[in-house]
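Colleague: Mind looking over this structure? Questions follow.
The values are calculated or read from the model by the stated rules, or taken from the named source; none is laboratory data. This is a predicted model, so every value here is computed, not measured. Because the Cβ atoms are built from the backbone with ideal geometry, glycine has one as well, and the counts that use them run over all protein chains shown. These accessible areas exclude ligands, DNA and RNA; they are computed on the full protein's heavy atoms, side chains included. Shrake-Rupley method; radii C 1.70, N 1.55, O 1.52, S 1.80 Å.
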Amino acid sequence: MTSTNAIQVKGLKKNYNGFPAVHNLEFTVREGEIFSLLGPNGAGKSTTISMLSCLLPPSGGDALIAGHSITRASGSVKRTIGVVPQEIALYDDLSAHQNLVFWGRMYGLRGSRLSRRVDEVLDLTGLADRRHDRAGLYSGGMQRRLNIGIALLHEPRIVIFDEPTVGIDPQSRRRILDGVKEINARGVTVLYTTHYMEEAQELSHRIAIMDHGRLIAQGTHNELMRMVGGLHRITLTLSRKPAGLLALWRMLAGVHSVSEEGERVRLLVQDSTRVLPTLFESAAREETHITGMDIQEPDLEAVFLHLTGKALRD
Amino acid sequence: MFYIALKDLMRSLRSPFTLAFMLILPLLEAGLPYLAFSNLSSGLPVQTTRVLLVNLDRPVEQYPDFLAGNLLADMFRNDELGDLLDTTVGDSEAAARAAVDSRETDVAVIIPSGLTAALFGGEGRTEIEIYHDPALTLGPAVVRDVVTNFLDGFAGSLIAADTAARRAAEDGALLDDNSRLEIMRRYGDWAQGVGESLGQGIHPAVRYEASARVQPSESVMKAQIGPIMLGMLVFFAFFTGAISAQSLLHEAEQGTLARLFRTPASKTAILTGKFATVEILLALQVILLIGIGKALFGIAWGDPILVILNGSALVVAAGGFGIMLIAFMRTTRQAFLVMGGAVILTGMAGGTMTTWFVNPPALFETVNLFTPQGWILRGFSAAMRGGGTIEAAVPAAVGTGLGLIFLWIGVHKLKAKFA
Ligand SMILES: Nc1ncnc2c1ncn2[C@@H]1O[C@H](COP(=O)(O)OP(=O)(O)O)[C@@H](O)[C@H]1O
Ligand SMILES: [Mg+2]
């Protein structure tokens, strides 16, 4: 069973002078998945990452990374993972190329493997054209990409991203999210931390929600939604409103309520993905066109609000 | 470790700031006075000028016991001039001139045989000769003023004595020669006081001559620039040590140090790599400055082995000092101020700014011993002077020892910090 667990966190703790920044953390990241740690600033995400990457010794507990203990086999752990730190950490008076060569060497790459990986990462991060410019002259988004690229040089099986999209423009963020998915598609396990619920929702197979150093919930997105008993709200605009159609919809399994709101019809459903095809089919049979549609899923924001009584972002 | 040092060296050598502190500033500081060819002594605190007095004066028949040359010689022995002039007596004009040419003395004053005769209205003109080292202005000027004062005073006293004699004659009295001399002497004392408060030009009876044989660029400048360059070398090496050690703090602030600690490279290797950079930069600086000093200014550093010993001591001590200081700093801002201050203070206390002092106060010599700079200067200076092996090697050993102690303290503190 352990072979399918990329990361297994067992009662991890960290105190800063008595202040519990991370408290009895328990979670498991399966091989090949994208697992997100979602929590507001100060939740303890970076502290957790620092312990998992053997930068900080835990105050208690342990974690296994690909079977290696972070407290007893830090060398193996460091070689297995790639870490993208929250703060951009590179030499801004060196070029992208020089940075990559240096960090590659720090990970033990040499010779042709080093130059091949440097080229591949330059392509992956879209920095090949500017490879010889000083990193300090790059835009924030380019620096973030280089910051990520450094963590991928040694082809780690597990990559940990600590809030890689903080403070950048939407295009750069899009590019990074797509990059994370692409890396994962190549079989790399991803542990991703963020305080943006949209990112956790879009990327993750599974999500753990953290607050004040504790895990307060974890599961797939759907599982988390179910915790708040959330119903999808579907709002439809119809070409006409045959009475039989609305009556039929009220009787469908998974549909909680159907109400008319002027031109539009609002349905509360358990799972919009399952209900929507039936809605479209029955409308077609009644020769009614659905001309507009809006689906409002209950979101992680609602889950966080439900569990902590406060908003995820202040 | 090797790659960290390589990367740091590449970054440092591309930084104009580092280069300025390593090479350009020390060379400028040492070389500017040299290149400007200005008179170094003029800007320095007052130094004692060595005067060699040759009194060839002979009495006239009228006053067999009186010699004007002796009066002048007495003036040079005046206590008030004691700090300024260190007067010794010679007996040959040629020997006195030779002493100036060979820099054994700074000024030669030659009182001619006919001075007394000339002053009593006599036979022809006779000049008092002041022959001096061209590199000096202050000391020879003092000598010139003393002589001018004397001549003015003497002329005045003669007039006073004549006037007194005429008055006495009008009253029917006759002044004897001794009374005449007594009047002149008293007048002379008074005139000397007046004369000092007046600005004086060169008296026509003074020949003021700079030695043409002593070449300033060849000897004095060179003699001065060696110690100055040495002081700058030691001072700025400690600056380089402090600045290059700061790259550790800089990396900590940039997050790259934490990132390094996340790589499989060990902490010891990472820190060793950083320290190696500091020492390599220092070695480069010391070698280059010594080489450039020799090539550009013709500085003779002394026995190569002693220079290497002291150079290594400098590298170890300056590096250790920087690493120790950095271990106690929290931010680069703090480090810049505190370490800059520490390097300047210890540098000055160590005597790096005052290497050209001919007679440094005894307190300086003692304070020097409490700084690594002081010891290393001592070793280098001994080598430069051509001093004995022990004289140059012991300070080098002390400097190296201090450097190793600093390094040990720094490494322990840093290990605790990053544990
Ligand atoms: N080095 C430190 N010393 C003391 N407290 C710290 C330190 N680093 C983080 N903390 C505290 O620990 C808590 C968790 O911080 P962090 O792990 O950075 O949270 P996140 O990454 O989720 O924003 C915060 O309250 C923070 O102030
Ligand atoms: Mg964080």
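Colleague: Could you please give the count of residues in the stretch A:65-96 that are surrounded by fewer than 21 Cβ atoms within 10 Å (Cβ to Cβ) and in a helix (DSSP H, G or I)?
Modeller: Counting residues in the stretch A:65-96 that are surrounded by fewer than 21 Cβ atoms within 10 Å (Cβ to Cβ) and in a helix (DSSP H, G or I) gives 5.
Colleague: If A:A247 satisfies all but one of (1) exposed (fewer than 13 other Cβ atoms within 10 Å of the Cβ); (2) over 15 Å from A:E286 (Cα atoms), what's the number of the condition it fails?
Modeller: (2)
Colleague: I'd like the residue in the stretch A:187-204 that is open to solvent by 10 Å² or more (accessible area, probe 1.4 Å) and farther than 17 Å from A:E297 by Cβ and, out of all such residues, is farthest from ligand 1 (Cβ to nearest atom).
Modeller: Taking the candidates together, the pick is A:G187.
Colleague: Name, by its number, the condition in (1) outside any loop (DSSP other than H, G, I, E, B); (2) near ligand 2 (Cβ under 10 Å from one of its atoms) that does not hold for A:D62.
Modeller: (2)
Colleague: Can you pull out the residues in the stretch B:258-283 that are within 11 Å of chain A (Cβ to nearest Cβ) and in contact (Cβ under 8 Å) with a residue 12 or more places away in the chain?
Modeller: Quick first cut of the stretch B:258-283, residues within 11 Å of chain A (Cβ to nearest Cβ) only: B:258-267, B:269-270, B:273.
The answer is B:L260, B:F261, B:A265, B:K267, B:A269, B:I270, B:G273.
Colleague: Tell me yes or no: at least one residue of the stretch B:308-327 is open to solvent by less than 60 Å² (accessible area, probe 1.4 Å), modelled with pLDDT under 90 and either part of a helix (DSSP H, G or I) or not polar (S, T, N, Q) (or both).
Modeller: Looking for residues that are open to solvent by less than 60 Å² (accessible area, probe 1.4 Å), modelled with pLDDT under 90 and either part of a helix (DSSP H, G or I) or not polar (S, T, N, Q) (or both), one finds none in the stretch B:308-327, hence no.
Colleague: Testing A:Y16 on (1) open to solvent by less than 50 Å² (accessible area, probe 1.4 Å); (2) within 16 Å of ligand 2 (Cβ to nearest atom), one condition comes back false. Which one is that?
Modeller: (1)
Colleague: Looking at (1) in a loop (DSSP other than H, G, I, E, B); (2) within 16 Å of ligand 2 (Cβ to nearest atom); (3) surrounded by 20 or more Cβ atoms within 10 Å (Cβ to Cβ); (4) not polar (S, T, N, Q), which is the only condition A:F161 fails?
Modeller: The one condition A:F161 does not meet is (1).
Colleague: Would you confirm whether or not the stretch A:222-242 contains a residue that is within 16 Å of ligand 2 (Cβ to nearest atom) and either within 14 Å of another protein chain (Cβ to nearest Cβ) or open to solvent by 50 Å² or more (accessible area, probe 1.4 Å) (or both)?
Modeller: Checked against the condition, which is being within 16 Å of ligand 2 (Cβ to nearest atom) and either within 14 Å of another protein chain (Cβ to nearest Cβ) or open to solvent by 50 Å² or more (accessible area, probe 1.4 Å) (or both), the stretch A:222-242 yields no hits at all.
Colleague: Mind listing just one residue for me: the one in the stretch B:374-397 that is in contact (Cβ under 8 Å) with a residue 24 or more places away in the chain and open to solvent by 30 Å² or more (accessible area, probe 1.4 Å) and, of those, nearest to B:F275 (Cα to Cα)?
Modeller: By that ranking, first place goes to B:A397.
Colleague: Give the number of residues within the stretch B:34-63 that are surrounded by fewer than 18 Cβ atoms within 10 Å (Cβ to Cβ) and at pLDDT below 80.
Modeller: 15
Colleague: Let me ask another. Would you confirm, using the coordinates I've provided, whether A:P57 is open to solvent by less than 40 Å² (accessible area, probe 1.4 Å), within 13 Å of ligand 1 (Cβ to nearest atom) and modelled with pLDDT under 95?
Modeller: Details: open to solvent by less than 40 Å² (accessible area, probe 1.4 Å): no; within 13 Å of ligand 1 (Cβ to nearest atom): yes; modelled with pLDDT under 95: yes.
So A:P57 does not fit the description; no.
Colleague: Right, next: Which condition from (1) within 16 Å of ligand 1 (Cβ to nearest atom); (2) among the polar types (S, T, N, Q); (3) more than 14 Å from chain B (Cβ to nearest Cβ) is the one that A:Q8 breaks?
Modeller: (1)
For (1) away from ligand 1 (no atom under 11 Å from the Cβ); (2) touching a residue at least 60 places away in the same chain (Cβ under 8 Å), each residue gets a yes or a no:
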{"residue": "A:E26", "(1), (2)": "yes, yes"}
{"residue": "A:I34", "(1), (2)": "yes, yes"}
{"residue": "A:G39", "(1), (2)": "no, yes"}
{"residue": "A:Q98", "(1), (2)": "yes, no"}
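Colleague: Which one of A:D92, A:D119 is more than 9 Å from chain B (Cβ to nearest Cβ) and acidic (D, E)?
Modeller: A:D119
Colleague: Among the residues of the stretch A:72-80, is there at least one that is modelled with pLDDT under 95 and away from chain B (no Cβ under 14 Å)?
Modeller: Checked against the condition, which is being modelled with pLDDT under 95 and away from chain B (no Cβ under 14 Å), the stretch A:72-80 yields at least one hit.
Colleague: Provide a single number: the residues in the stretch A:98-109 that are surrounded by fewer than 21 Cβ atoms within 10 Å (Cβ to Cβ) and more than 10 Å from chain B (Cβ to nearest Cβ).
Modeller: 1
Colleague: Among the residues of the stretch A:30-47, is there at least one that is open to solvent by less than 30 Å² (accessible area, probe 1.4 Å), part of a helix (DSSP H, G or I), within 16 Å of ligand 2 (Cβ to nearest atom) and within 24 Å of B:S266 (Cβ to Cβ)?
Modeller: Among the residues of the stretch A:30-47, at least one is open to solvent by less than 30 Å² (accessible area, probe 1.4 Å), part of a helix (DSSP H, G or I), within 16 Å of ligand 2 (Cβ to nearest atom) and within 24 Å of B:S266 (Cβ to Cβ), which makes the answer yes.
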